[in-house]
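Written below as structure tokens is the structure these notes are about.
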């Protein structure tokens with residue numbers, strides 16, 4: 001009896017200590033000393049600089065649209081098309097040398113430039129070589145969506161979001177959220193840089209994530225959510241699940257003990 005009591009006591013303690021706490025599952029938590037911090041957060045978002053492999057959408061407009069038709073590869077049947085397939089075939093991919101090939105204008109280097117800088121560069125080239133000020137040239141340059149990949153304890157795959165900016169919280173929500181077994185305190189962001197890839201971490205359970213330099217997603221980011229240790233143990237996420245699992249194990253051990261000691 002003493003052996004059984006010890007086993008069941010051990011099971012109860014293990015169940016209480018192994019379940020996933022509410023703190024580990026909640027997003028952007030505020031603490032007492034950080035009241036109203038969400039209002040005080042300063043969002044530091046640096047302009048994104050174009051990298052190799054990025055896909056750009058470029059449109060040239062003027063008073064006489066026929067004059068600039070040769071600069072716009074997008075089909076006239078649907079000039080405002082924004083689907084991923086149309087952008088893929090009609091957009092401009094940055095090659096390994098950091099260049100894009102624009103009809104008539106040829107190769108233009110865009111590596112390391114912002115969208116605004118590329119727009120100004122194209123406008124300047126058009127006015128210098130093809131048009132006069134009276135043509136009222138209007139150029140738009142945009143990234144063809146923000147593509148990112150999710151792996152681990154989150155819906156896995158690649159997604160494209162057609163927005164100017166995307167936060168880590170929006171990216172997680174678009175992927176269906178993190179599972180109960182996911183480690184929200186150490187979400188990894190694998191980001192591409194000219195010198196290679198770097199791994200950053202962000203704690204999405206803390207309100208301070210709003211002021212993190214990695215709060216905003218960049219194109220081609222990979223978001224990795226690793227499992228909590230308790231998943232490997234297969235104990236469950238709630239106290240009841242853990243208790244049931246441990247009781248089953250204890251019952252099995254007890255049965256084996258009784259059989260072997262008879």
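Could you work out how much longer the chain between residue 193 and residue 132 gets when fully extended? Use 0.36 nm per residue separation minus the Cα distance between them, nm to one decimal. If you can, show how the numbers build up before the last one.
Values: separation 61, 0.36 × 61 = 21.96 nm, distance 3.83 nm.
Contour length minus the Cα-Cα distance gives 18.1 nm.
Run the quick spin-label model on residue 29 and residue 159: label points 7 Å from Cα toward the beta carbon, then report their separation in nm to one decimal.
It works out to 2.4 nm between the two label points.
Using Cβ counts within 10 Å as a stand-in for footprinting exposure, how do 193, 181, 148 rank, fewest first? Show your work: numbers first, answer last.
Working: 193 10, 181 18, 148 22.
Lowest to highest Cβ neighbour count: 193, 181, 148.
Take the Cα of residue 222, step 7 Å along the line toward its Cβ, and report every residue of the stretch 161-192 whose backbone nitrogen sits under 15 Å from that point.
188-192
Expected output is a single nm value to one decimal: the length gained when fully extending between residue 214 and residue 167, i.e. 0.36 nm times separation in residues minus the C-alpha distance. What is it?
16.1 nm
Order of 126, 210 from fewest to most other C-beta atoms within 10 Å?
210, 126
For 138, 113, which order do you get if you count the other beta carbons within 10 Å of each Cβ and list the fewest first?
Fewest to most other Cβ atoms nearby, the residues stand as 138, 113.
Values in this text are rule-based calculations from the coordinates and carry no lab data. Owing to the predicted nature of the structure, the values given are computational and were not obtained by experimental measurement. We place every Cβ from the backbone using ideal geometry, glycine too, and count neighbours over all the protein chains shown.
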